[in-house]
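Report on the structure given below.
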Amino acid sequence: RTTMKSLRFISAEAFVSNAEFARKSLGAVAHDLFPLLFKASYLLEQGEVIHDLVENWPLFDFNVGKLLGATLDYQEDLSHRTCSVCLESCLTGLRDYVLNPSSPYMKKLRVVDLTGIKDVEVQFCKCKKTMGRWARTQLLSKLCSELLVYMQQAQCNPGTFEISINVLIDLFVTERNYELVVQALLKKCSCPLKVCCVAFRSDNLTLQKFFYIIKLTDPSLLRKLEIVHNVHLEMEHLEILFNSIHFPLLMSLTLPARTFNVRRFTTTDEQMLTNIGEKMGEMTQLTELSVSFSILTGRIQKLLSPLKTPLKMLDVSNCSLNHADMAFLANSFHANHLEALDLSGHDIPELYPSTFFKLLSHCSSVLRSLTLEDCNIQDTHVNMLILGLSPCQKLQEFKFIGNPLSSQALKHLFTFLCELPMLKNVEFPVPRDCYPIGITYPIDDASLCRFDRQKYERVAEELNLILLQANREDVKASTPLFGSYDAAVQETNNELGAYLIKSFKETLEKFTTSFNKMS
């Protein structure tokens, strides 16, 4: 698909394609052409030109998401291109904007917004090297530190110390880049580039370090908080967090697995859960909540009823919900506003079929994303599922891997899915008849890949043919066996893997020591 370009954009491409000429000529370029030249340079991956454009940026703000988004001159959105060459040039250009004494323009820049960059699985840039969220966090922090060192050592222009630019960014902190980010946040007052954290993700970090750095980020500005892998946050720690820090603008909260476990609850724990619910109720902007892999049986009402704003996104996958939980969700004021819902890991047809369909009917007018992985949906349930999904005319994404469905049932379901006008992404299971007879669900990791590949490929082709015949080439259908793509996990999987091996080794050593003592 070719996107139309205006004559202005074609001219901009021609101008920046000769990097040497473009860099020499920037001084004569009108201020209002800088955004156009930036997008053209980004498309052509002209790193040196990008650097010089940013170093001499003549406008008050530099919003990467807007600059790369759809414009009248060029409709294609480039904000999902996390090209390493381009982004590194942007950030080093920003550092040099501060240091450049001979910039031909008066320094007007006050706000840089890096939050509009989207990390996706497939990259179209020529260099094929991406700069993910973790690497952007790392590089910005490093440049802030280098800037301060340079300003202290060199004879800087006195005006340099008066420059103050807020750099809005989604920080991603792990053990490996923790110290660097802490330094950048600690020295925010004296650095011309002031790191302003809008969203914060933490993986692979001790609780002590997490509590320290979260206070440095200025939580009053935080819109999104993700505490994900290998941060051992339990309910008592969450209560301390909410009691000691206020998050007035928080819109999205993701908690790590096993934050809650009602099977171990005492009277004190019940009170603690009530307190947490009340604190979440004070977050009047909160519309997205993910508490997957916690055990919350019978406690969803206690956690969610204090919320004053309806949730638009709810992930309660693998939370051992019972009928009372599902009934609360179906009848709550959240139901009519849910745009994204994940109920994976619950035996929906067996436990609460009618209540689930009631919930689905309430959110059908707004629902965009539905995830029902490992929900024991079988061939006999497909007609009922089609009936429930029929009103969901805004559905863009449906994920249902891990369900024991035959290839025949999948074909029937796909024929219906073609009728959903907004649908763009479907994640379907390997058909049950591709596995050996007697396979039990949910399928364990060891058996997950033991299916007839050739048969699966034939079925996948037939399913894609159904889409093709219905003129639905716009729908992407796939079977990600080990879960959907996660840009953050992909970027830091080496560190996470090393941490898991270390944890396993330590556990083994403790076990061996205990065993030897017993012997």
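The values are calculated or read from the model by the stated rules, or taken from the named source; none is laboratory data. Just so we're clear, the structure is a prediction, and the values are computed from it rather than from any experiment. All Cβ positions, glycine included, derive from the backbone under ideal geometry; neighbour counts span all protein chains shown. Please note that ligands, DNA and RNA were not included when accessible areas were found on the heavy atoms of the full protein model with its side chains. Shrake-Rupley method; radii C 1.70, N 1.55, O 1.52, S 1.80 Å.
State the number of residues belonging to segment 254-302 that are at positive phi and of a type in the set (A, V, I, L, M, F, W, C). Total satisfying the criteria: 1.
Of the residues making up segment 430-439, one or more are surrounded by 19 or more Cβ atoms within 10 Å (Cβ to Cβ) and of a type in the set (Lys, Arg).
Within segment 398-429, the set of residues being in contact with an Asp or Glu (Cβ under 9 Å, 6 or more places away or on another chain), free of Cβ contacts under 8 Å to residues at least 60 places away in the same chain, in a loop (DSSP other than H, G, I, E, B) and open to solvent by 10 Å² or more (accessible area, probe 1.4 Å) comprises 402, 406, 424.
Within segment 227-253, the residues that satisfy the criterion of being under 19 Å from the mean Cα position of the chain (by Cα) and either buried (at least 17 other Cβ atoms within 10 Å of the Cβ) or more than 17 Å from residue 307 (Cβ to Cβ) (or both) are 227, 228, 229, 230, 231, 250, 251, 252, 253. Considering (1) at positive phi; (2) open to solvent by 70 Å² or more (accessible area, probe 1.4 Å), the lone condition that residue 376 does not fulfil carries the number (2).
Residue count for segment 164-179 satisfying the condition of being surrounded by fewer than 20 Cβ atoms within 10 Å (Cβ to Cβ), touching a Leu at 6+ places or on another chain (Cβ under 8 Å) and acidic (Asp, Glu): 1.
Restrict the check to segment 153-163 and report whether at least one residue is outside any loop (DSSP other than H, G, I, E, B) and open to solvent by less than 80 Å² (accessible area, probe 1.4 Å). Within segment 153-163, one or more residues are outside any loop (DSSP other than H, G, I, E, B) and open to solvent by less than 80 Å² (accessible area, probe 1.4 Å). Of all the criteria given as (1) at pLDDT 95 or above; (2) part of a helix (DSSP H, G or I); (3) among the charged types (D, E, K, R), the one not satisfied by residue 170 is (2). Can you confirm whether residue 223 is of a type in the set (Lys, Arg) and modelled with pLDDT under 95? The answer is no for residue 223. Evaluating residue 368 against the criteria (1) farther than 30 Å from residue 248 by Cα; (2) within 24 Å of the chain's Cα centre (by Cα) leaves one unmet condition, (1). Considering segment 341-363 alone, what residues qualify as being surrounded by 20 or more Cβ atoms within 10 Å (Cβ to Cβ), over 18 Å from residue 294 (Cβ atoms) and either polar (S, T, N, Q) or touching an Asp or Glu at 6+ places or on another chain (Cβ under 9 Å) (or both)? Result: 352, 363. Between 269, 218, 203, the distinction of being touching a residue at least 60 places away in the same chain (Cβ under 8 Å) and charged (D, E, K, R) belongs to 203 only. Take the residues in segment 271-309 that are over 25 Å from the mean Cα position of the chain (by Cα) and under 17 Å from residue 320 (Cβ atoms); name whichever of them is surrounded by the most Cβ atoms within 10 Å (Cβ to Cβ). Ranking the candidates gives 299 first.
Here residue 107 does not qualify as surrounded by fewer than 22 Cβ atoms within 10 Å (Cβ to Cβ), charged (D, E, K, R) and either closer than 30 Å to residue 209 by Cβ or under 19 Å from the mean Cα position of the chain (by Cα) (or both).
Of all the residues in segment 357-397, those that are touching a strand residue (DSSP E or B) at 6+ places or on another chain (Cβ under 8 Å), part of a loop (DSSP other than H, G, I, E, B) and not charged (D, E, K, R) number 5.
When 254, 266, 297, 274 are screened for being under 30 Å from residue 178 (Cα atoms) and hydroxyl-bearing (Ser, Thr, Tyr), only 254 passes. List every residue pair whose Cβ atoms lie under 6 Å apart, where the two residues are 6 or more positions apart in sequence or sit on different chains, the first residue falls within segment 349-365 and is within 18 Å of residue 337 (Cβ to Cβ) and of a type in the set (D, E, K, R), and the second residue, located anywhere, is in a helix (DSSP H, G or I) and at pLDDT 95 or above. Cβ pairs passing all conditions: 358/330.
Return the residue satisfying two criteria in turn: it lies in segment 180-202 and is more than 17 Å from residue 160 (Cα to Cα) and among the polar types (S, T, N, Q), and of such residues it is most open to solvent (accessible area, probe 1.4 Å). Here the residue is 183. No other residue among 8, 95, 23, 81 is more than 26 Å from residue 129 (Cβ to Cβ), among the basic types (Lys, Arg) and out of contact with any Lys or Arg (no Cβ under 6 Å at 6 or more places or on another chain) apart from 8.
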